[in-house]
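Structure first, commentary second.
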């Protein structure tokens, strides 16, 4: 955390490209990996999310109060951006008429041709997917996830339980489809 504070202070003090590059290099690899997971391995969306996250973070960096780690704060921004990008992409893909038929719910189609764990995770509802990726793949605690997503710790635990249950259902469904 001290190293993060030094990187942030250096950037805020100088505003130099070199100071930003140091901060960017220290934080972006893990955040990009997370963006890839959350975007369903869509590299374009992950890159766009990272770029937008940094634009927002740089504007708000002076107001960051260190109540959480810098990584947690940046992850929260990133999650919100990926959520917005996915919603926008989904609306463009199915059209607003289809969304309105579903009572305004943004639901992904459940077409499983060839089972792949990554695609199964991508089929989970956003809340389930985010908690599953953050906890089981990225290794965050429920407390950290709660901070990032602005939810209760109990909600994080519940979402993880339901995400794992839904994933088992998807796997089971796929096994029935693959085996004659």
Exercise. Enter the Cα centre distance for the pair the stretch 1-42 and the stretch 118-159, rounded to the nearest angstrom.
Key: 22
Practice problem: Using the Kirkwood radius over Cα pairs, work out the Stokes-Einstein diffusion coefficient for the stretch 1-92 at 37 °C and 0.692 mPa s, in µm²/s as a whole number. | Solution: 241
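Read-outs: derived from the displayed coordinates by stated rules, not from any lab. Note that the coordinates shown come from a computational prediction; the quantities given were computed from them, not determined experimentally.
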